[in-house]
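The values are calculated or read from the model by the stated rules, or taken from the named source; none is laboratory data. Just so it is clear, the structure is predicted and the values come from calculations on it, not from any experiment. Every residue, glycine among them, receives a Cβ derived from its backbone with ideal geometry; neighbour counts consider all protein chains shown. Side chains included, ligands, DNA and RNA excluded: accessible areas come from the protein's heavy atoms. Shrake-Rupley method; radii C 1.70, N 1.55, O 1.52, S 1.80 Å.
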Amino acid sequence: MTRFPGYFFHQMDSYQVALIVITLAAAVVNGALGYGFSSITVPLSLLFLPIRVLNPALVPIEVALNAYVLWVNRAALPNVWRRVLPIVIGLLPGVLIGTALVSRVNPGWLKFGTFIVLLPLIFSQAVGYRRPIRSERSAGFAFGSGLGVLYAVTTISGPPLAVMLTNQGLTKRDFRAALGFIRLAESTLTAVAYAYAGLYSVESLSLVPYILPSIVIGVPIGAFIIQRIRPETFRRVCMSFDAWIVAFGLSTLLKDLHLVQSNLAYLVLVAVGLLDTWLLYRFFSVHLPLVKRAETLASDDGLTIGTR
């Protein structure tokens, strides 16, 4: 029995072992932040799996994962469902367009487009971009349609959703409930659209047994970790990791698609690395000390009021 783990891994291909490790790390992130499973899994897994094999394996799992997030935060759902309903309604046409793209577009170009879209989204979170939308209802449908296309093509929606919901000033509990509601809708719609388009295959479904245990183990670990680490710091480190992975994938695809014929393609990776390093320096040397100082002042004020 003591030889079983080694024997088990010996019988698996290297990509299956890699998928287990990647999805475990992604599940930890999702357990901590309420999103991030696809944001971590997809950029790394696309380095060795086609998007038409990976996506149909992830979407049904995300239905269950998002249902769990919504269930845990169900008490806050009455506060937010009306606000985010236009986004949910807008998802349907976007999901249909995105599914058609997955069915018909060259896989290499799909990967390239995925990375091109992801990079600015990651950096928008990294720099803490905030710009509240006043006409929330009218903008919601257009945002939902774009989100539906993005999710159906990439299974990723966490970064733009996080930016959108944070911009609108939702509390932590309301944020998680809104996130769970929207992501459950988009993953369910995409699962149905994939079935209608015939995208599920034996190859895709064979990946599921390697992903599910990682989620069962990783999500509780993430929930445990986030109680002991500042959420903003954890999120920022995850975004940094994502940026490097996407930049590496983009550089590799520039060569594979013959858009750049030499190692100059890796200048994308170098540029992203330099930018991300500078943003990390700014976060830890400027932003984080300011947040800590504000928290200390608020704590001191509370103590002062309590002694009166």
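Descriptive notes on the structure:
- About its Cα centre, the dipole of the chain is roughly 700 debye, where the only charges are +1 on Lys and Arg Cβ and -1 on Asp and Glu Cβ.
- Computed about the Cα centre, the dipole magnitude for the stretch 163-301 is approximately 280 debye when only Lys and Arg (+1) and Asp and Glu (-1) carry charge, each at its Cβ.
- Taking only the Cα atoms of the stretch 3-118, the radius of gyration and Dmax are 17.1, 54 Å.
- Against the main long axis of the alpha-carbon atoms of the chain, helix 51-72 sits at an angle near 30°.
- All lysines inside 27 Å of Lys111 as judged from Cα atoms, apart from same-chain residues fewer than 8 positions distant: Lys255
- With each label modelled as a point 7 angstrom along the Cα→C-beta vector, the Ala271-Gln227 pair spans 4.5 nm.
- The stretch 145-194 and the stretch 242-274 have Cα centres lying 28 Å from one another.
- Under 15 Å, Cβ to Cβ, from Gly94 - net charge with Lys/Arg +1 and Asp/Glu -1: 0
- Sum of -39500 (n - 2.57) over DSSP H runs of 4+, divided by residues of the chain (222 nm, nearest 500): -27000 deg cm²/dmol
- Full-stretch length increase - Ile217, Leu205 - with 0.36 nm per residue and alpha-carbon distance subtracted: 2.3 nm
- Principal-axis tilt of helix 14-33 within the chain, Cα atoms, nearest 10 degrees: 20
- Nearest-ten-degree value, helix 267-282 long axis tilted from longest Cα axis of the chain: 20
- Percent of Cα-Cα distances greater than 17 Å, calculated over the stretch 203-273: 64
- Protein heavy-atom surface of the chain, 1.4 angstrom probe: 69% of the accessible area is carbon and sulfur, with nucleic acids and ligands not counted.
- P(r), alpha carbons of the stretch 193-235 - 5 Å bins starting at zero, rounded %: 5, 18, 15, 14, 13, 11, 12, 11, 3
- The residues of the chain have, on average, 50 Å² of accessible surface per residue, using a 1.4 Å probe with all protein chains present.
- Taking the charge dipole of the chain about its Cα centre, with +1 at Lys and Arg Cβ atoms and -1 at Asp and Glu Cβ atoms, the residue from Ala18, Leu290, Ile51 reaching farthest to the positive side is Leu290.
- Reduced Cα scattering model of the chain, Debye log10 I(q)/I(0), q = 0.15 Å⁻¹: -1.29
- Here the spin labels are modelled as points 7 Å beyond Cα on the Cα-Cβ line, and at Ala67 and Ser103 they lie 2.5 nm apart.
- Where only C-alpha atoms are counted, convex hull volume of the stretch 154-292 per residue in Å³: 167
- The calculated Kirkwood hydrodynamic radius for the stretch 65-123 is 14.3 Å, given to one decimal from all distinct C-alpha pairs.
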